[in-house]
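Comments concern the structure below.
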Amino acid sequence: MKKILVGDDEMTARMLYEEVLGEAGYEVIAAKDGREAYEKFLSDKPDLVILDIKMPKMHGLEVLERIRQTDKKVPVIISTAYQKMEDDTAVSHGDVACFLTKPVDINRLREEVGRILAEAVVEPAPGGTQEDTT
Amino acid sequence: MKIRPGMIRKRAVLAIPWLLILVAGPLLLFAGDDVSSPAAAVALTLLFAAAVSSGFLAARLRAAEEERGRVAAVNARLGQELTKLRQAEEEAREEIAQLYQHNQNILESLKTAVLSVDPGQIATTFNAEAARITGLARGAVIGKPLGEVLALRPIYFLLRRAVEEGLVYGRGEVTIETPRGKSIPIGISTSILIGPEHEPCGAVAIFKDLSEIKNLERKLKRSEHLALLGEMAASLAHEIRNPLNSISGFAQLLQEKARESDRDRRYTDIIVRETRRIERIVSDTLVFSKETAAGVCELELNGLITACIQTLSEVARKSTVSFNLGLASRLPPVTGNASRLEQVFTNLMLNAIQAMPDGGVVSVTATATNGCVEIEVSDTGPGIRQEIQDKIFLPFFTTKSDGTGLGLAICSRIIEDHGGSIEVSSAPGQGTTFKISLPGQSARTEDATQPTAAAAAGSIGGGME
C-alpha cells in the first residue's frame, strides 16, 4: 500500500485527505505542522508528500527544501490557500509535482495523486537508492 | 545783412564825438585868429568834450565787447551741458523701456501665473501662464474690473480681501472654472502692492495649476488603497479558503455518496455550487487587487481579439449571438500582458452575449487613433440604464444574480494598469458599447524620447482639455 504523508495545520483538511485518499486505497500519514511533517518524512519514508505552505514550526517550503536535501525523487504536491503558487519563482517547478489551490476539487486530488504515483513507479530511479543510503 | 536794434544804438553813441567836432569846426572858422572870443572858447570846449566822450565811449565799448565774449562762452558751455542732459535723459528713457521689457519678459516666461489689480480692482497684469491656465485671453482681463470676469471670481475675492482688509494668503487653494467649463484646482498666494510713497496701490496674486499634482496624488492614493486592499485580500483569501476547503471537500464527498434522486444530493449540490461561488469571489478580489505587470511583451491585438472570439464561439452559438468584426489591418503594436488583456476582451464579449439571451449581434472593432488603439465591443441588447452607468465599474456592483460584481472592475483596473482608459455608452433599447483605448507602442516611445513632439500630438488630439 502506497504511503502518503499529509502536512497541514488545519485539522479538517487532514481529515479530508485521510477520508478521500484512505477511501482510494492509500495509507495516509498526517502531520499537524512543518516540523512533524519533516520528522514523519524521515521516519515513515512516504511515496508521496502533500504539503500546505503556511504551517507553524516550519514553513511548507522549508520542509520541501529539507526533503530535497536528502531525497531528490519523492514527489511533492503543494496544496495551499494562496493564489497561484505556480507564479512564485521561489518554488522551482522541478521540485514540485503539482500545485493544488484550496478549496481542492477532490476528483482532481485523486487524479493527480494517481497519476503522480503511477509516473513515479514507471520512471526508473537509478540514483534513488544511492541517495537513500547517504 | 540784418540790422539789429543794438547795432543802431551802438552806432548812434559812436556818432556823438563826430557831431561835437562838426559843430566845433564852423565855430573855429567863425572865431578866426581871435582865440579869446566866446566862439573859440565854445569850440574848444566842444572839441574837449568830443575827445573825452570818444575816449570814454571807446573804453565802454571794449568792456561791453569783453562782457559779450564771456556771455557767449557761458552760453556755449550751457548749451553743451544741455545737450549732455538731453542725451542722459534719452538714455534713461531707453533704460526704463529696457527694464520694462525685461520685466515683461520675466513675467511672460514665468511658469507661474501672475494677476495684479489696482486699488479699484481693475486688472493690471495678466501674464501668459495666467492666460494658459485660465483659458482666458489677456484682452478679456486686463483693464477690466476683475469682479466681472466670471472665471476669475475666486481669485477676485482673495484679491479684494487683500486690498480692502489687508488679508493675504500664503498658500491657498481654490478651484476656478475655465470658459470651457473645466474645473482647475490652483494653488494661490496673494500680497499687497506697495507704491513709492509706501502707500498700498493694489494687490497681486500668483498661482499655479495643480491639476497634474492632484492627478498624481489621486493615483498615488489609489495605488496605496489597492496595495492595502491587495494585502488584505491575500490574507482574507487565505483565511477563507482554508475552511472553504473543508466545507467544499466534505460536501463533494457527501455529493458522491448521495443517490442522484436523493434530497441530500440536491442539498449537497447547492453547497458545492455555492462554495465554488465563494471561491470565485475570493479569486476575483485577488485579481482585482493585484497590480498587472504591464509592458510584459509586444502584442498584436487583432490576434488576441480573434482568439477571444474563438473561445466564446460555442457560448455565442448557444445564445444565437453572432459576431461582427471590424479590425483595422495595421494597428500599432501594444505593449502589455496578453493574458490580462485577453481577460478584459473575453469579459466584455461575454457580458455582451449574456445581455442578449434571445440572440443578437456583438460587434468588435479595433482602430488606430492618434497613436492609440481603440477597441469597441457593442451589443444589440437592452442597454444599461443611465443611473447605473456610473456604478458598473465599481467593485461588487452587479446586476446578475450569480455575478461577483468584479468583472468590469477588474477590466477597468487592467486597462488602467496598461495606461489606457475604458468607458461605456448606452441607452435603453439601443444596446451598449464599451470603448477601450490603449496607448500604442509608438506613442509610448514618443513620450520617452520627444517630449515636444508628444506634447504637440497631445494638443492636436485634444489632450489639453
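What follows draws every value from the coordinates through simple rules; no lab data is involved. Every value quoted in this text rests on a predicted model; they were computed, and no experiment measured them. Cβ atoms come from the backbone with ideal geometry, glycine included; neighbour counts cover every protein chain shown.
So for the pair B:E199, B:S37, with labels modelled 7 Å out along Cα→Cβ, what separation do we get in nm?
9.1 nm
Taking a threshold of 27 Å on the Cα-Cα distance, which of the pairs A:K3/B:K257; B:K257/B:K400; B:K400/B:K435 fall above it?
Exceeds cut-off: B:K257/B:K400.
Can you give the helix-only mean residue ellipticity at 222 nm for chain B, where every DSSP H stretch with n ≥ 4 adds -39500 (n - 2.57) and the sum goes over all residues, rounded to the nearest 500 deg cm²/dmol?
Computed mean residue ellipticity for chain B: -19500 deg cm²/dmol.
Modelled label-to-label distance, B:I271 and B:R161, 7 Å Cα→beta-carbon offset: nm?
Rounded to a tenth, the inter-label distance reads 6.6 nm.
Based on the Cβ-Cβ distance from B:S319 to B:E217, what FRET efficiency comes out when R0 is 41 Å, to the nearest 0.05? Walk me through the intermediate numbers first.
Values: r = 45 Å, r/R0 = 1.09.
Once the sixth-power term is evaluated, E becomes 0.40.
Need the C-alpha centroid separation for segment B:376-409 versus segment B:333-352, integer Å.
16 Å
Take the alpha-carbon positions of chain B, form their convex hull, and give its projected area averaged over all directions (one quarter of the hull surface) in nm². Each step should come with its number before you reach the end.
Values: hull surface 184.0 nm².
Dividing the Cα hull surface by four gives the mean projection, 46.0 nm².
Among rounded, prolate and oblate, which fits segment B:60-140 when a ≥ b ≥ c are the square roots of the eigenvalues of its C-alpha gyration tensor, a/c under 1.5 means rounded, and a/b larger than b/c means prolate?
prolate
Rule-of-thumb check for segment B:11-85: C-alpha Rg over 2.2 N^0.38 Å?
1.89
Subtract the Cα-Cα distance of B:L14 and B:L29 from 0.36 nm times their separation in residues, and report this length gain in nm to one decimal. Could you put the intermediate results ahead of the total?
Numbers: separation 15, 0.36 × 15 = 5.40 nm, distance 2.48 nm.
Length gained between B:L14 and B:L29: 2.9 nm.
Helices from chain B with mean Kyte-Doolittle at least -0.5 and a Cα length along the axis of 30 Å or more, per DSSP H: which?
Counting only whole DSSP H runs, the qualifying helices are B:5-31, B:38-109, B:211-257.
In nanometres, what is the gap between the two model label sites at B:E256 and B:E148, each 7 Å from Cα along Cα-to-Cβ?
Taking the simple label geometry, B:E256 and B:E148 are separated by 8.8 nm.
Straight-line reach from B:K290: which lysines have Cα under 22 Å away, leaving out those fewer than 8 places along the same chain?
A:K54, A:K84, A:K102, B:K219, B:K221, B:K391
Average projected area of the Cα convex hull of segment B:239-289, in nm²?
3.4 nm²
Calculate the length of the line joining the C-alpha centroid of segment A:24-79 to that of segment B:135-214, in whole Å.
Each part reduced to its Cα centre gives a spacing of 72 Å.
Strictly greater than 18 Å: what percent of every Cα pair in segment B:157-205 meets that?
40 percent
Could you state, as a whole-number percent, how many of the C-alpha pairs of segment B:211-345 are farther apart than 26 Å?
For segment B:211-345, the fraction of Cα-Cα distances above 26 Å is 55 percent.
Remind me, what semi-axes does segment B:111-159 give for its equivalent ellipsoid, largest first in whole Å, using sqrt of 5 times each Cα gyration tensor eigenvalue?
Taking √(5λ) for each Cα gyration eigenvalue gives 15, 11, 10 Å.
Pick out, in residue order, every one of the trypsin sites (Lys or Arg not before Pro) in segment B:175-239 that is DSSP loop and has at most 15 other C-beta atoms within 10 Å; say none if there are none.
Here the trypsin sites (Lys or Arg not before Pro) that fit, given the DSSP loop and packing criteria, are B:R180, B:K182.
For the protein assembly as shown, max minus min Cα coordinate along each principal axis, in Å, sorted largest first?
Taking max minus min along each principal axis of the Cα atoms, the protein assembly as shown gives 193, 69, 53 Å.
Once segment B:280-360 is represented by equal point scatterers at the alpha-carbon sites, with solvent omitted, what log10 I(q)/I(0) does the Debye formula produce at q = 0.16, 0.18 Å⁻¹?
Here the Debye-derived log intensity ratios amount to -0.73, -0.87.
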